[in-house]
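A.B. asks: Pasting a structure here, questions to come.
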Amino acid sequence: MVARRIRVIGVAAGYGAGDPACQDGAEVLRTLRFLDDLESVDDGLAWDEPVRLAPPLPADPVDAVQGIAGQLAQRVAGHLAQGDFPLVIGGDHSCAIGTWSGLKGALDPGQRLGLIWIDAHMDSHTPASSPSRNVHGMPLACLLGHGDPRLTGVTGAAPKLLAEDVCLIGVRSFESAEAALLNKLGVRIFFMDEVQRRGLPAVFADALRRVTQHTAGYGISIDLDALDPAEGPGVGTPVAGGLSRADLTDALALAQGDERLRALEIVEYNPYRDEHFVTARAIHDLCRSVIEI
Ligand SMILES: [Mn+2]
């Protein structure tokens with residue numbers, strides 16, 4: 001990353017998930033110093049104080065997610081204003097509402113934001129379609145302007161993303177209502193079978209073209225459940241048949257040094273389900289592939 005200091009924002013929040021355990025993910029990475037060797041890269045990497053809610057916690061998890069999103073959006077925008085590169089470590093995937101609302105808010109009015117969403121799931125439920133009502137199944141729909149107004153309205157009411165500027169990679173588990181919404185909007189979905197057929201490098205190159213074509217910059221949001229559970233067991237909702245860690249780190253290297261990449265987000269790390277820290281090490285490798293010169 002050229003001349004941008006990396007600011008790591010840990011999100012101590014699992015309000016969007018059925019199991020809140022990933023609220024501790026970022027703190028485990030920080031205290032066990034998994035990203036330490038990146039501190040010497042370029043202009044260095046520094047951890048922020050984590051984003052967390054002060055008690056008393058709201059009774060409605062949507063209010064809690066909204067609170068986190070507002071804080072996180074402000075934090076991301078603040079770092080961007082300083083010329084720094086935000087690296088957000090979840091937390092459950094509902095924090096994406098804050099990360100990308102903050103980034104969109106930091107752009108000039110009218111500028112568009114691209115986003116590559118790497119995930120086993122679509123995360124595109126609305127409150128009406130979600131069987132679980134867990135908000136970590138809804139953040140992409142929210143960012144596209146569909147969902148609870150408390151979550152679509154973070155940093156302003158307009159959609160943060162246009163469908164044309166968004167794509168998903170690695171999807172293999174979803175409900176039909178999510179697919180219907182994304183298809184209606186025109187979001188490009190690279191399902192896992194297409195990734196297997198064409199290879200991740202070709203798919204990722206297509207994704208980069210899409211998210212940069214009409215935008216002022218783009219982000220990458222990685223749900224660790226995109227990885228195959230054999231290589232990333234420490235997640236909330238594992239799904240068999242995922243991306244290999246080597247393929248994903250190779251693909252992310254295509255974005256290395258790209259000035260148009262404005263932020264990176266890695267979420268859903270559940271340290272209690274990790275095995276010998278294999279998932280923590282995967283997080284390190286994913287960060288390094290984007291960050292290293
Ligand atoms: Mn997700």
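The values are calculated or read from the model by the stated rules, or taken from the named source; none is laboratory data. These numbers come from a predicted model, not from an experiment. Cβ sites come from the backbone with ideal geometry, for glycine too, and all protein chains shown count toward neighbours.
A.B. asks: Please go through region 48-69 and pick out each residue that is in contact with a Ser or Thr (Cβ under 8 Å, 6 or more places away or on another chain) and either surrounded by fewer than 19 Cβ atoms within 10 Å (Cβ to Cβ) or not in a helix (DSSP H, G or I) (or both).
C.D. replies: Step one: list which residues in region 48-69 are in contact with a Ser or Thr (Cβ under 8 Å, 6 or more places away or on another chain), which gives 65, 68-69.
Of everything in region 48-69, nothing turns out to be in contact with a Ser or Thr (Cβ under 8 Å, 6 or more places away or on another chain) and either surrounded by fewer than 19 Cβ atoms within 10 Å (Cβ to Cβ) or not in a helix (DSSP H, G or I) (or both).
A.B. asks: Would you list the helices (runs of 4 or more DSSP H) that sit entirely within region 84-174 and hold 2 or more residues that are without any contact (Cβ under 8 Å) to a residue 24 or more places away in the chain?
C.D. replies: Working: elements: 96-106, 139-143, 149-152.
Once the helices (runs of 4 or more DSSP H) in region 84-174 are filtered for at least 2 residues that are without any contact (Cβ under 8 Å) to a residue 24 or more places away in the chain, what remains is 149-152.
A.B. asks: Criterion first (part of a loop (DSSP other than H, G, I, E, B) and either within 16 Å of the ligand (Cβ to nearest atom) or among the basic types (Lys, Arg) (or both)) does residue 237 satisfy it? Show your work before the answer.
C.D. replies: Details: part of a loop (DSSP other than H, G, I, E, B): yes; either within 16 Å of the ligand (Cβ to nearest atom) or among the basic types (Lys, Arg) (or both): yes.
Yes: the conditions hold for residue 237.
A.B. asks: Of the residues in region 123-140, how many are among the aliphatic types (A, V, I, L, M) and either in contact with a Lys or Arg (Cβ under 9 Å, 6 or more places away or on another chain) or away from the ligand (no atom under 15 Å from the Cβ) (or both)?
C.D. replies: Restricting attention to region 123-140, the residues satisfying the condition of being among the aliphatic types (A, V, I, L, M) are 128, 135, 138, 140.
Restricting the remaining residues to those that are either in contact with a Lys or Arg (Cβ under 9 Å, 6 or more places away or on another chain) or away from the ligand (no atom under 15 Å from the Cβ) (or both) gives 128.
Final tally of qualifying residues: 1.
One line per residue, one yes/no per condition, for (1) crowded, with 21+ Cβ neighbours inside 10 Å; (2) farther than 19 Å from residue 258 by Cα; (3) in contact with a helix residue (DSSP H, G or I) (Cβ under 9 Å, 6 or more places away or on another chain):
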residue	(1), (2), (3)
171	yes, yes, yes
177	no, yes, no
183	no, yes, no
196	no, yes, no
201	no, no, yes
206	no, no, yes
211	yes, no, yes
215	yes, no, yes
220	yes, no, yes
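A.B. asks: Please name all residue pairs, on different chains or six or more residues apart, with Cβ atoms under 7 Å, provided the first residue is in region 264-275 and is over 24 Å from residue 73 (Cβ atoms) and the second residue is more than 15 Å from the ligand (Cβ to nearest atom) and not in a helix (DSSP H, G or I).
C.D. replies: So the pair list comes out as 273/233; 274/233; 275/233.
A.B. asks: Which members of region 244-278 meet the condition of being closer than 22 Å to residue 94 by Cβ and either over 16 Å from the mean Cα position of the chain (by Cα) or part of a strand (DSSP E or B) (or both)?
C.D. replies: Hits for region 244-278 are 262, 263, 264, 265, 266, 267, 269, 271, 272, 273, 274.
A.B. asks: Moving to a separate point now. Mind checking which pairs have a first residue in region 215-233 that is in a strand (DSSP E or B) and a second that is of a type in the set (Phe, Trp, Tyr) and within 15 Å of the ligand (Cβ to nearest atom), Cβ under 9 Å, 6 or more apart or different chains?
C.D. replies: Once the first residue is in a strand (DSSP E or B) and sits in region 215-233, its partners that are of a type in the set (Phe, Trp, Tyr) and within 15 Å of the ligand (Cβ to nearest atom) give 219/100; 220/117; 221/100; 221/117; 222/117; 223/117.
A.B. asks: For region 170-177, indicate whether the set of residues that are within 16 Å of the ligand (Cβ to nearest atom) and touching a Leu at 6+ places or on another chain (Cβ under 8 Å) is non-empty.
C.D. replies: Scanning region 170-177 turns up at least one residue that is within 16 Å of the ligand (Cβ to nearest atom) and touching a Leu at 6+ places or on another chain (Cβ under 8 Å).
A.B. asks: Next question, about the same structure. May I ask you to verify whether residue 77 is touching a Phe, Trp or Tyr at 6+ places or on another chain (Cβ under 6 Å), in a helix (DSSP H, G or I), modelled with pLDDT of 95 or more and surrounded by fewer than 24 Cβ atoms within 10 Å (Cβ to Cβ)?
C.D. replies: Criteria not met by residue 77.
A.B. asks: On the given criteria, is residue 243 of a type outside the set (Gly, Ala, Ser) and more than 16 Å from the ligand (Cβ to nearest atom)? Please lay out each step first, then the result.
C.D. replies: Working: of a type outside the set (Gly, Ala, Ser): yes; more than 16 Å from the ligand (Cβ to nearest atom): no.
Taking the combined requirement at face value, the residue does not satisfy it.
A.B. asks: Scanning region 246-278 for residues that are touching a strand residue (DSSP E or B) at 6+ places or on another chain (Cβ under 7 Å) and of a type in the set (Gly, Ala, Ser), which turns out nearest to the ligand (Cβ to nearest atom)?
C.D. replies: Filtering region 246-278 for residues that are touching a strand residue (DSSP E or B) at 6+ places or on another chain (Cβ under 7 Å) and of a type in the set (Gly, Ala, Ser), the one nearest to the ligand (Cβ to nearest atom) comes out as 263.
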